[in-house]
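The values are calculated or read from the model by the stated rules, or taken from the named source; none is laboratory data. Because the structure is predicted, anything quoted here is derived from the model rather than measured. Here the Cβ positions follow ideal geometry from the backbone for every residue, glycine too, while neighbour counts run over all protein chains shown. Just the protein is used for accessible areas: all its heavy atoms, side chains included, with ligands, DNA and RNA removed. Shrake-Rupley method; radii C 1.70, N 1.55, O 1.52, S 1.80 Å.
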Amino acid sequence: MNKKQLISRVRQLMGAGTTQATASAAAEAVLSSILAAAAESEKVHITRFGTFENQTRRARHVYDINAERMTEVAETKKLTFRPSVGFIPFTNR
């Protein structure tokens, strides 16, 4: 599902009188709220859906086989999603 399909689905769920612009604004508000919270390293938990969370990977030393020496890799962050128990049955279809 892409963003256009998501907005179309939101419009259907909001009812017959909903415009495309209203559905687009609603979907955009939810997505931007999740991204803003993730940027601030907050945990976003949506009941019966899942949890978005920033995870930090510590700095480490790795062996670079091309340079034949140890290289330091800086600390990195990544956004992870953990589905809730209510969401899992929909993924196993």
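Give the range 1-45 a look and list any residue that's closer than 19 Å to K78 by Cβ and open to solvent by 60 Å² or more (accessible area, probe 1.4 Å), or say none. L31, L35, A39, E40, S41, E42, K43, H45, listed by residue number. So is F90 assigned to a strand (DSSP E or B) and of a type in the set (F, W, Y) or not? Criteria not met by F90.
One residue alone among V62, V30 is in contact with a Ser or Thr (Cβ under 7 Å, 6 or more places away or on another chain) and without any contact (Cβ under 8 Å) to a residue 12 or more places away in the chain, and that residue is V62.
When we screen R82, R48 for residues that are assigned to a loop (DSSP other than H, G, I, E, B) and open to solvent by 100 Å² or more (accessible area, probe 1.4 Å), the only hit is R48. For K77, the conditions (1) surrounded by fewer than 10 Cβ atoms within 10 Å (Cβ to Cβ); (2) more than 11 Å from the chain's Cα centre (by Cα); (3) assigned to a strand (DSSP E or B) are fulfilled apart from (1). Under the condition of being closer than 30 Å to E40 by Cα and surrounded by fewer than 10 Cβ atoms within 10 Å (Cβ to Cβ), the residues counted in the range 62-74 number 3.
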